[in-house]
Amino acid sequence: MSATIIDGRAVAQRVTEEVRIEVAEHVAAGHTAPGLAVVHVGDDAASQIYVRNKRRTTEAAGMRSFAFDLPASASEAQLLALIDRLNADPAVNAILVQLPLPKQIDAEHVIERIDPKKDVDGFHPYNVGRLVLKMPVLRPCTPWGCMRLLRETGVDLVGKHAVVIGQSNIVGRPMAMELLMARCTVTICHSATRDLPGLVRQADIVVAGIGKPKFVQGAWLQPGAIVIDVGINRLPDGKLCGDVDFDSAIEVAGWITPVPGGVGPMTIATLLANALCAARWQQEA
Ligand code: GUN
C-alpha cells in the first residue's frame, strides 16, 4: 500500500486565493487593506527564510506588509517599545514576532505585550484561553493549517484517535485542542512518554511536531493512518526532511503530508486568513 500525498502547496494556494478575494471585498467595502507587521530579531538563517516568505505572501494576498528587523543584540525593552508602537498604530491590524528570540529576550513577555486583537499567531494567553474554552478567534496558524489538511482527506474526524507527538505552545498543545474540538480522542506524547511506538500504533491520526529528523518510523503506524508531519529539519546534505521517516511511512499510511510542500505552506496561508480575521475583529470593537 502507498499513501495518498496531501498536497499542502495546492491547498495553501486555494486558501490564499480565498483570502485574496475576501481582502478585495473588505477593501471594496471601504476598509483599508489589512496590515501585517512581521518582526524579526537576529540573523537566524531559517527564520530569515520563513519571514521573507511570510512578507511576500502577505503582499500577494493584497494586504500591507510592514517589516521590522532588529539586530541579534536588541534588548527586550527595545522590542517591547516596538510592540507598543505597533499596538497603537491603526494601520497595523496584525503583529507577528518570529520565534525563537535571542536569549536575552523573554518570549513570554513579548507575547503578552501584543494586543490580543492583533495577535495573529494566537499565542497570547487570552487567545490560547479562548481556544481551550472552544471559543477561538485568532488560533495558532500551524495547528489550524493542519486541521485544514486533515479535512482535505474527506475522512470524518469524529471519534478518531489522534496522537500528537510534541507538547510545544506553538504546535502540540494547540493542535491537541483543535483535534479535541473536532471531537477526536486525543493523546499528547512528549519526551517522557513511555512506549511511543505502541501509542502511535493505536492512532488513526498522527501529528508529529518534535524537531527530530525522520523520527517516526513507518513500522510504528497503523495501516491507513493519516500522518501530518509538522517537522522541518535540515539534513547535513542541505536537504529538508520532516519528523517522520517519509520513505517507510508512505508504505503504511493512508495519507501523508510531504516535507517540504505539506504543513509549511499551509502555515503561511493560515497566517493570512488570521490577519484578515484580526482586521475584522478590530472593526467590531
Ligand atoms: N517560529 C516557528 N513557528 C512559528 C510560528 O508559527 N509563529 C512565530 N511567530 N514564530 C514561529
Candidate set from the stretch 131-190 (those that are in contact with a helix residue (DSSP H, G or I) (Cβ under 8 Å, 6 or more places away or on another chain) and of a type in the set (Ser, Thr, Tyr)); member that is nearest to the ligand (Cβ to nearest atom): THR142
Residues of the stretch 9-21 classified as in contact (Cβ under 8 Å) with a residue 60 or more places away in the chain, under 15 Å from ARG280 (Cα atoms) and open to solvent by 80 Å² or more (accessible area, probe 1.4 Å), total: 0
Filter result for GLY62 (touching a residue at least 60 places away in the same chain (Cβ under 8 Å), on the phi > 0 side of the Ramachandran plot and either open to solvent by 40 Å² or more (accessible area, probe 1.4 Å) or not hydrophobic (A, V, I, L, M, F, W, C) (or both)): no
Single condition LEU157 does not satisfy, out of (1) assigned to a loop (DSSP other than H, G, I, E, B); (2) farther than 17 Å from VAL11 by Cβ; (3) more than 12 Å from the chain's Cα centre (by Cα): (2)
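Out of curiosity, is ILE105 within 14 Å of the ligand (Cβ to nearest atom), more than 19 Å from the chain's Cα centre (by Cα), surrounded by 13 or more Cβ atoms within 10 Å (Cβ to Cβ) and part of a loop (DSSP other than H, G, I, E, B)? Reasoning before the result, please.
Numbers: within 14 Å of the ligand (Cβ to nearest atom): yes; more than 19 Å from the chain's Cα centre (by Cα): yes; surrounded by 13 or more Cβ atoms within 10 Å (Cβ to Cβ): yes; part of a loop (DSSP other than H, G, I, E, B): yes.
When the stated conditions are applied, ILE105 passes them.
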Positions within the stretch 22-47 being open to solvent by less than 80 Å² (accessible area, probe 1.4 Å) and assigned to a helix (DSSP H, G or I), in sequence order: GLU22, VAL23, ALA24, HIS26, VAL27, ALA45, ALA46, SER47
PRO100 vs. criteria open to solvent by 60 Å² or more (accessible area, probe 1.4 Å) and within 15 Å of the ligand (Cβ to nearest atom): yes
Test for LEU271: is it under 28 Å from GLY62 (Cα atoms) and of a type outside the set (Gly, Ala, Ser): yes
Of the criteria (1) under 15 Å from ASN274 (Cβ atoms); (2) in contact with a His (Cβ under 9 Å, 6 or more places away or on another chain); (3) assigned to a helix (DSSP H, G or I), which one VAL128 fails: (2)
Pick from the stretch 113-130, criterion aliphatic (A, V, I, L, M) and touching a strand residue (DSSP E or B) at 6+ places or on another chain (Cβ under 6 Å), ranking: nearest to the ligand (Cβ to nearest atom): VAL120
Single unsatisfied condition, ALA81 versus (1) away from the ligand (no atom under 16 Å from the Cβ); (2) in a loop (DSSP other than H, G, I, E, B): (2)
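The values are calculated or read from the model by the stated rules, or taken from the named source; none is laboratory data. Just so you know, these numbers come straight off a predicted model, no measurement behind them. Counting neighbours? That spans all protein chains shown, and the Cβs are built from the backbone with ideal geometry, glycine included. Side chains are part of the model used for accessible areas, which takes the heavy atoms of the whole protein and leaves out ligands, DNA and RNA. Shrake-Rupley method; radii C 1.70, N 1.55, O 1.52, S 1.80 Å.
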